[in-house]
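The values are calculated or read from the model by the stated rules, or taken from the named source; none is laboratory data. On a predicted model such as this, the values are computed, not experimentally measured, just so you know. Quick reminder, even Gly has a Cβ in these numbers, built from the backbone with ideal geometry, and neighbours come from all protein chains shown.
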Amino acid sequence: MNLTFTEEEEAFRLEVRAWIQDAMPADMRERAAGSGRFTPEDSATWHRILYEKGWVAPHWPKEVGGTGWDAARRFIFNEEMESAGAPQLSVFGLSMVGPLIISFGTDAQKKRFLPKILSAEEFWCQGYSEPGSGSDLASLRTTAEDAGDHFIVNGQKTWTTYAQYADWIFCLVRTDPNAKKQAGITFLLIDLKTPGVEVKPMLTLGHTPAFCDTFFDNVKVPKENVIGEVNQGWTMAKALLGHERTLLAMVGPCRNVLQKIKRIAATKTVDGRPMLEHPIWRAKIARLEMRFRAHLMVSYRALADQQKGKMPGPESSILKLVGTKLVQEMTELAMEIMGESSLTWYNEGVCTPVEESIGPYFCYERAATIYGGSNEIQRNVIAKMILQLPSS
Amino acid sequence: MNLTFTEEEEAFRLEVRAWIQDAMPADMRERAAGSGRFTPEDSATWHRILYEKGWVAPHWPKEVGGTGWDAARRFIFNEEMESAGAPQLSVFGLSMVGPLIISFGTDAQKKRFLPKILSAEEFWCQGYSEPGSGSDLASLRTTAEDAGDHFIVNGQKTWTTYAQYADWIFCLVRTDPNAKKQAGITFLLIDLKTPGVEVKPMLTLGHTPAFCDTFFDNVKVPKENVIGEVNQGWTMAKALLGHERTLLAMVGPCRNVLQKIKRIAATKTVDGRPMLEHPIWRAKIARLEMRFRAHLMVSYRALADQQKGKMPGPESSILKLVGTKLVQEMTELAMEIMGESSLTWYNEGVCTPVEESIGPYFCYERAATIYGGSNEIQRNVIAKMILQLPSS
Amino acid sequence: MDFELDQDQQMLAKTVADFAKNESPVERFRQLRDDDIGYDPAVWQKMGELGWLGVAFPEPVGGFGGSFVECAIVLENLATNLVPEPYLASVVLGGMALLRAGTAEQHAAYLTPMIEGDTTLALAYAEARSRFDVSAIETTATTKGGGYEISGQKVWVLNGHNADHLIVSARAPAGVTLFVVPRDAEGVSVTVAKTIDGHKAAFIELDEVAVERGARLGEEGAGARVLDRVMDYAAAAAVAESVGLASKMLHMTVDYLGTREQFGVKIGSFQALQHRAVDMYAETELLRSISMASMVRADEDDTSTRRADISAAKYQLATGGIWVAQQSLQLHGGIGVTDEHDIGLYFKRMYALNALFGDAEHHVARFSE
Amino acid sequence: MDFELDQDQQMLAKTVADFAKNESPVERFRQLRDDDIGYDPAVWQKMGELGWLGVAFPEPVGGFGGSFVECAIVLENLATNLVPEPYLASVVLGGMALLRAGTAEQHAAYLTPMIEGDTTLALAYAEARSRFDVSAIETTATTKGGGYEISGQKVWVLNGHNADHLIVSARAPAGVTLFVVPRDAEGVSVTVAKTIDGHKAAFIELDEVAVERGARLGEEGAGARVLDRVMDYAAAAAVAESVGLASKMLHMTVDYLGTREQFGVKIGSFQALQHRAVDMYAETELLRSISMASMVRADEDDTSTRRADISAAKYQLATGGIWVAQQSLQLHGGIGVTDEHDIGLYFKRMYALNALFGDAEHHVARFSE
């Protein structure tokens, strides 16, 4: 066992740190230090900056545009990005459909899609959930009817995050209506500019512009846009789920909220002293920090496995469960520390920018325990797959 | 709405308080102030003292030996008994089988059993659970075979609390092996001195002498010992469950543990001051006290309904759920406050008597969320009966 | 001991509930979220006509001589449909402060018109650095001529954006003192701030605002005691409202569990969700029960008796009430985190009530004093 | 970063696990609960022969030059069967204190025989009023002749009832200092106290106990720093042990859920119980993961790096570990609260570990410093 980094790795850390400082535009640096909140445009800008440096997809193989770093370097890179408060890149292309295309796509698909994901010429979104099929994903009803060299797609996808900024969507669609639930589903890539596609942003709890409904009305999709085989979409979905696990561990968001908590607690007073120095409030912050440390170690274990080229152990199944709960507890504590200021809602000039960022983000993260397989579904799966408890 | 007592009621409170001070033997008063722990003999002694005063069964109708008090007086009486730290009387006769006999017994049964419950000439215990039927009470297998004017009982009851001190046991037994689970069960009173009965005290987590296994080997029980009708035992059991609800609200035990917590916290120091004055520990104690207050109000609502001669409202269904959890949290806090002294286990002279009482009691109360219908079963029942959620 | 409402109280509860149901569906609140005022002065007027604004005030000032229990009844029932009129801000905060601090003349001038629904009030007590301590204020009232000159900044003044009269706390030579200040007085600038629950509040700057001697409520230095008492009323009011919210959220959730299907069955048949719903029920009943105690105790003069139940109640809002809100959202799944579904509006209102009039730690600390 | 054990460590883990399984079933611990010593000196001797007592000590004192990770491996694996020998008390508390505070002569006299299994040690550091603060002691060591005279009272000395040598902390003229005191020295009286987890500890009174200059470990006043460091080892050791307990409890519970039937089905098919088991799994894995960090950091000299992970780990024992213990008991139902079933023995051991070497609040406060 060894939890320390080598000298080369520490040197790499300094290199990354220096580069971020240097490369991040002044206005974004300001937002990072202020509200810590970025626009989708910031995220796109940062994506392009990283692309030019060649650091946009450290987790991709070198031959398709990755960096060739081992897991330790990738880990250090992520840590530095999070500590600097850099904007998070859109995950749908880089971390979801991209790796899937790398694993299961044809050469033509790789050539067509991967470079534009890297260069940010094309942004992606995800079309899984439907209004009637939330936790029960396999009950989806969007159909893709075989029409010779193409499919005709009809239906509605919901929770298509950032679809309003995206160029493409990857969808699970039903290609065989007679097959049993999980069979008969296909993983399909759809150009959002195709006639018949309509994207409607959805107003959410946090009023953040994240989620959309996406409607398909007789949308023509060429068959070459199928990833894997027709009717093998469920296999693709499961492969993708593996990628999602570490994405949903919320390590970055937790670190980010902890930083904000401390910044806010330093400016508020209780019993005449800063909350950050008040024993009751220090303890409340410390409890979450300590739990975060334990959670971090679980995710490090998964990363260390990856570094050795192994599948992460079963313990990685708890990352989403624990991480999403933890980030919610952190946003709740941030709200609590703000006191009456936690009332603020998209105002200007009455609270500090970092305070203004909390409420909407708190609301946004209520979805974290629901999306990506609700935490209840996660528990069902772990009970069966890992603890092997009997079925009801 | 009115939460205050009348002047007459307050006068009654003072009368009760004075009487308790006067009536309690010196050695028991000492134990109340010291460990707060009594022997079964103390409980019997106190029972007889109350009997002589005529105050042993305030909740029974006056004509069978009750006090004729209204609910407010009964409530005040209980509060004073708890505050004085008086021993709790055995509930099995006074609060369980007694009321059942009053409601469903024949005149002969009333005459035979009630006076001796009052006078403490006969102590009772309960024979419900069996090794194979815990939560699933209706799956019980102790049989009572019809043999003309009597039954022949065979089987084993477990968790027969204080059976080693009891004279009689009330049991659920299967009288019709062919009937469906809940049908074919009879409520039967069995004299523990009958040949074929064997009582074996059980060593429990807390090493407290509470629980026993009770074995029946061809035990002859006269048919006149059936309460209600043969095969109608399930109805009796449900009637009894109603009585148990308020018994299991744990109001008395919570008050008792809170007192102990404060006594101990006053003697321990952290950062150079008594824990009772330390902000972190004061807050921990206050949180439980505040929750206790809310819980108390739920139980007051049930009592106020009784005072009006009404069935307690549906909210009384949560009393066991909340009260047992709360008393466990209180014993946990007591252990935490004791620090290293929480290690102590039936020692003499190394810790104070009140400290010595905590560990075994903490262990004993781990059973509170299991017996009387485990809290999981309680939730099943409330989900169906009160929230009317669909069956699976 | 009696936890039942008397006949008049039952009637009041029914009338308010019927009004909320028939005349103020949540849709009305939704529309008013984008309104400059955020509620409807005509509805306020009607509440005045129906007598709801005066239930807890004595008859001489135009009230009905009831107790705070009646206020709590109104609040709980308005909450079930998120009725946006500023009952808590104007009746409880402004009204109770005026009633307890003012003279008969002041009552006639400011309280009676509010009770009749002609005006609304707001209590400007909080400051950026005060955090639930009503005495920790920096706004000053210096004597000038026969009156005072008030300067300072108040934050999160509920209904401060629209109230006719503000009750302002300021540090006068003899201590914290309350003053009535018309919102349109010279030197008063109001910045409207949106709140998380879809309401509005005001940040108010007072820049050498001149008021007459008659604007002072009570003696100089008497303000802190009154505010302390009003904060207890406000906490009890927030708790009463939270009972309405929690009950409704529980109800909506149980309905949803009994309707929504996944995996071919009603999701309410899943045991883990059933148990969660039962725990929501338990927390709601704990909240309801301690709210009963707190609304009765709010009128109690003995400080320690009053505070114990009110702090316990506000703490139960902060723990059980918030938990019910969280779980109701979670059990609604994806739809719950859209603005389209009502459950999120209740959720955010619960958080707003939690942030006002003392948070969990404030009440824990106070309870353990 | 690497969380895997190297080959030697894997071998050690397997050997200890096999020993626990084959030679020390829980039944052995049960029998020894009523024994005056509470463990078997012959087994201790054997552990010495197998080298387990010296895994973390340097070679010159008779150890194997390993790291604290090896100690943690032994503890975790012994815990799975509640092996009662005083590894934590003698190797971690006594051994680490001696190693860090003593001279080569003292190591040879007291540490090497312990490593070889011939003797056991105990660390008498706690006092009635010290509560996790190793410096808050009242026992005194006054200079007398060429040596010292020690007087005071020590509480809850693990293995103090049977140790050959006690390491005693006392306040010498220049500050807190450690001394080696033979348990049978004149003036030492030992009261045996039973502990909740079925072990024994000692309350030790020192009444003018005369020791020579050579009994002093290190400089006068150097004791507090050593004890502070030893407490970190002890906390990490408790956490490692708790990982063994929690894993076993989870395993027993999952087994029980898959076996026990109620209402005609396996109770492990009930969703509410499945979800509880999953949360137990999550807490166990969090505990295991942070334990890995804490056992590695225990050897780290930088105080803040070391403390952060060790405190986080001990806090996870106090929260997640205790929760796993509670739930494993609850899910076993009635049988779980009998002494007959093993689950309660693990439960009580978890509580004992929680009470030692700093509780949750102690580590929270320290972490936030």
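Quick notes on this structure:
- Taking residues in segment B:377-389 that are in contact (Cβ under 8 Å) with a residue 24 or more places away in the chain and buried (at least 22 other Cβ atoms within 10 Å of the Cβ), and partners anywhere that are among the aliphatic types (A, V, I, L, M) and assigned to a helix (DSSP H, G or I), the pairs with Cβ atoms closer than 6 Å and at least 6 places apart or on different chains are B:GLN378/B:LEU321; B:ARG379/C:VAL278; B:ILE382/C:VAL278.
- Hits in segment B:194-242 (condition: more than 14 Å from chain D (Cβ to nearest Cβ) and of a type in the set (D, E, K, R)): B:GLU198, B:ASP217, B:LYS220, B:LYS223, B:GLU224, B:GLU229, B:LYS238
- Residue within segment C:8-28 that is in contact (Cβ under 8 Å) with a residue 40 or more places away in the chain, surrounded by 14 or more Cβ atoms within 10 Å (Cβ to Cβ), among the hydrophobic types (A, V, I, L, M, F, W, C) and within 14 Å of chain B (Cβ to nearest Cβ) present: yes
- C:ASP40 meets the conditions (1) touching a helix residue (DSSP H, G or I) at 6+ places or on another chain (Cβ under 9 Å); (2) crowded, with 18+ Cβ neighbours inside 10 Å; (3) within 25 Å of C:LEU345 (Cα to Cα) in every case but one. The failed one is (2).
- Restricting segment D:328-369 to residues that are touching a Leu at 6+ places or on another chain (Cβ under 8 Å) and of a type in the set (Phe, Trp, Tyr) leaves a set whose member that is farthest from the other protein chains (Cβ to nearest Cβ) is D:TYR346.
- Condition check for C:ALA172: within 19 Å of C:ALA222 (Cα to Cα), touching an Asp or Glu at 6+ places or on another chain (Cβ under 8 Å) and aliphatic (A, V, I, L, M): yes
Here's the yes/no breakdown for (1) surrounded by fewer than 17 Cβ atoms within 10 Å (Cβ to Cβ); (2) in contact (Cβ under 8 Å) with a residue 24 or more places away in the chain; (3) assigned by TED's automatic domain parsing to the domain that holds C:PHE347; (4) touching a strand residue (DSSP E or B) at 6+ places or on another chain (Cβ under 7 Å):
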residue: C:VAL155; (1), (2), (3), (4): no, yes, no, yes
residue: C:VAL168; (1), (2), (3), (4): no, yes, no, yes
residue: C:THR195; (1), (2), (3), (4): no, yes, no, yes
residue: C:GLY198; (1), (2), (3), (4): no, yes, no, no
residue: C:GLY214; (1), (2), (3), (4): yes, yes, no, no
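- Identity of the residue in segment B:28-57, assigned to a loop (DSSP other than H, G, I, E, B) and at pLDDT 90 or above, that ends up farthest from the chain's Cα centre (by Cα): B:GLY54
- The residue that is surrounded by the most Cβ atoms within 10 Å (Cβ to Cβ), among those in segment C:172-181 that are touching a helix residue (DSSP H, G or I) at 6+ places or on another chain (Cβ under 9 Å) and at negative phi, is C:LEU178.
- If the condition is being part of a helix (DSSP H, G or I) and either over 18 Å from the mean Cα position of the chain (by Cα) or charged (D, E, K, R) (or both), then segment D:8-25 contributes D:ASP8, D:GLN9, D:GLN10, D:MET11, D:LEU12, D:LYS14, D:THR15, D:ASP18, D:PHE19, D:LYS21, D:ASN22, D:GLU23.
- In segment D:252-266, the residues that are more than 7 Å from every other protein chain (Cβ to nearest Cβ) reach residues that are of a type outside the set (A, V, I, L, M, F, W, C) with C-beta atoms within less than 6 angstrom, at least six apart or across chains, in these pairs: D:THR253/D:SER328; D:TYR256/D:HIS332.
- Residue that is nearest to A:ALA302 (Cα to Cα) [pool: residues in segment A:327-353 that are crowded, with 22+ Cβ neighbours inside 10 Å and more than 10 Å from every other protein chain (Cβ to nearest Cβ)]: A:VAL327
- Reported count of residues in segment A:285-302, each being touching a residue at least 40 places away in the same chain (Cβ under 8 Å) and either among the small types (Gly, Ala, Ser) or more than 16 Å from D:MET292 (Cβ to Cβ) (or both), is 4.
- Flag if B:LYS284 is over 30 Å from B:LEU387 (Cβ atoms), more than 10 Å from chain C (Cβ to nearest Cβ) and surrounded by 19 or more Cβ atoms within 10 Å (Cβ to Cβ): no
- Test: residue in segment A:308-316 that is crowded, with 23+ Cβ neighbours inside 10 Å and in contact with a helix residue (DSSP H, G or I) (Cβ under 8 Å, 6 or more places away or on another chain): no
Per-residue answers, yes or no, for (1) of a type in the set (Gly, Ala, Ser); (2) without any contact (Cβ under 8 Å) to a residue 24 or more places away in the chain:
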site: D:GLY51; (1), (2): yes, yes
site: D:PHE57; (1), (2): no, no
site: D:GLY62; (1), (2): yes, no
site: D:SER67; (1), (2): yes, no
site: D:LEU75; (1), (2): no, no
site: D:ALA79; (1), (2): yes, no
site: D:SER90; (1), (2): yes, no
site: D:LEU93; (1), (2): no, no
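- With respect to the stated conditions, D:ALA141 is more than 30 Å from D:GLY66 (Cβ to Cβ), modelled with pLDDT of 95 or more, crowded, with 24+ Cβ neighbours inside 10 Å and of a type in the set (A, V, I, L, M).
- Complete set of residues in segment D:62-89 that are acidic (Asp, Glu) and either surrounded by fewer than 24 Cβ atoms within 10 Å (Cβ to Cβ) or part of a loop (DSSP other than H, G, I, E, B) (or both): D:GLU85
- Counting residues in segment D:40-55 that are over 27 Å from D:MET292 (Cα atoms) and either assigned to a loop (DSSP other than H, G, I, E, B) or in the same structural domain as D:TYR346 (by TED's automatic domain parsing) (or both) gives one or more.
- Single unsatisfied condition, C:THR143 versus (1) without any contact (Cβ under 8 Å) to a residue 40 or more places away in the chain; (2) touching a strand residue (DSSP E or B) at 6+ places or on another chain (Cβ under 8 Å); (3) within 30 Å of A:THR352 (Cα to Cα): (3)
- Criterion applied to C:LEU245, C:LEU273, C:LEU227 was being within 12 Å of chain B (Cβ to nearest Cβ), modelled with pLDDT of 95 or more and assigned to a helix (DSSP H, G or I), and the one residue passing it is C:LEU273.
- Residues located in segment D:286-308, provided they are more than 9 Å from every other protein chain (Cβ to nearest Cβ) and among the β-branched types (Val, Ile, Thr): D:THR303, D:THR305
- Just one of the listed residues (A:PRO314, A:PRO274, A:PRO353) is out of contact with any Phe, Trp or Tyr (no Cβ under 7 Å at 6 or more places or on another chain), in contact (Cβ under 8 Å) with a residue 60 or more places away in the chain and either basic (Lys, Arg) or more than 23 Å from D:ALA313 (Cβ to Cβ) (or both), and it is A:PRO353.
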